[in-house]
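S.K.: I am attaching a structure below and will ask some questions about it afterwards.
The values are calculated or read from the model by the stated rules, or taken from the named source; none is laboratory data. Keep in mind that what you see is a predicted model, and the values were worked out from it rather than measured. Note that each Cβ is placed from the backbone with ideal geometry, even for glycine, and that neighbours are counted across all protein chains shown. Ligands, DNA and RNA are stripped out before the accessible areas are found, and what is left, the full protein with its side chains, is counted by its heavy atoms. Shrake-Rupley method; radii C 1.70, N 1.55, O 1.52, S 1.80 Å.
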Amino acid sequence: MRKYLIGLLIMGISLSLIALSLEGIPGNETTPVPKIKVYVKVKAETDDIKKHGEDAVLEAIKTLDNVDPVLKYDKDVRYTLTIAFLEPRKSPTEKVENIAASVQFIRYFDNSVLRKHVATVNWDFVNRKTYNLINDTQIGLLLFSKQPGEMEKTANVVVKTLQKYIAENE
């Protein structure tokens with residue numbers, strides 16, 4: 001009788017383990033968090049600087065878990081990151097050994113928030129919102145050398161600032 005009960009217990013445990021492995025452990029399912037689409041737009045004087053800058057920025061953005069960078073604008077884009085790389089000049093023919101990066105973040109927002117204020121001709125409110133949208137979304141001008149690795153360091157600074165900006169607005 002004892003052998004029969006031990007055999008029944010082993011068979012019950014085996015069947016339970018098989019059932020759990022087929023269905024999965026309950027409560028272990030996670031819903032994926034939707035990624036925030038960021039349209040990355042890079043401009044530069046030369047194609048070489050543009051390509052290098054774009055690669056550096058995209059590589060830095062890949063470190064963020066909640067951001068999906070796109071190079072073409074679509075309807076699901078919630079932010080735009082625009083970077084213009086320029087090579088400053090000492091004179092019309094002589095360039096310095098630095099690169100300047102002008103960086104701007106723009107958050108797309110629903111204009112229905114402003115519609116009621118426009119309808120009541122509350123232009124001060126609309127002007128303040130427009131002013132804040134333009135002026136509060138720029139991190140300004142960054143200057144760095146053409147040395148190897150400097151573009152990547154600058155891209156990391158830009159992406160960290162973008163992450164902070166998104167965290168404040170989400």
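S.K.: Write out, first by first residue and then by second, each pair whose Cβ atoms fall under 8 Å of each other, whose residues are 6+ apart or on separate chains, and whose first residue, in region 34-46, is within 12 Å of Val77 (Cα to Cα) while the second is open to solvent by 90 Å² or more (accessible area, probe 1.4 Å) and assigned to a strand (DSSP E or B).
M.R.: What qualifies is Ile36/Arg78; Lys37/Arg78; Val38/Arg78.
S.K.: Might you check whether a residue that is surrounded by 10 or more Cβ atoms within 10 Å (Cβ to Cβ) and modelled with pLDDT under 90 occurs anywhere in region 26-35?
M.R.: The answer is yes; a qualifying residue exists.
S.K.: Can you confirm whether Lys51 is in a helix (DSSP H, G or I), modelled with pLDDT of 85 or more and open to solvent by 80 Å² or more (accessible area, probe 1.4 Å)?
M.R.: Taking the combined requirement at face value, the residue satisfies it.
S.K.: Here are Leu58, Leu64: which of them is closer than 28 Å to Lys160 by Cα, assigned to a loop (DSSP other than H, G, I, E, B), at pLDDT 85 or above and not hydroxyl-bearing (Ser, Thr, Tyr)?
M.R.: The conditions single out Leu64.
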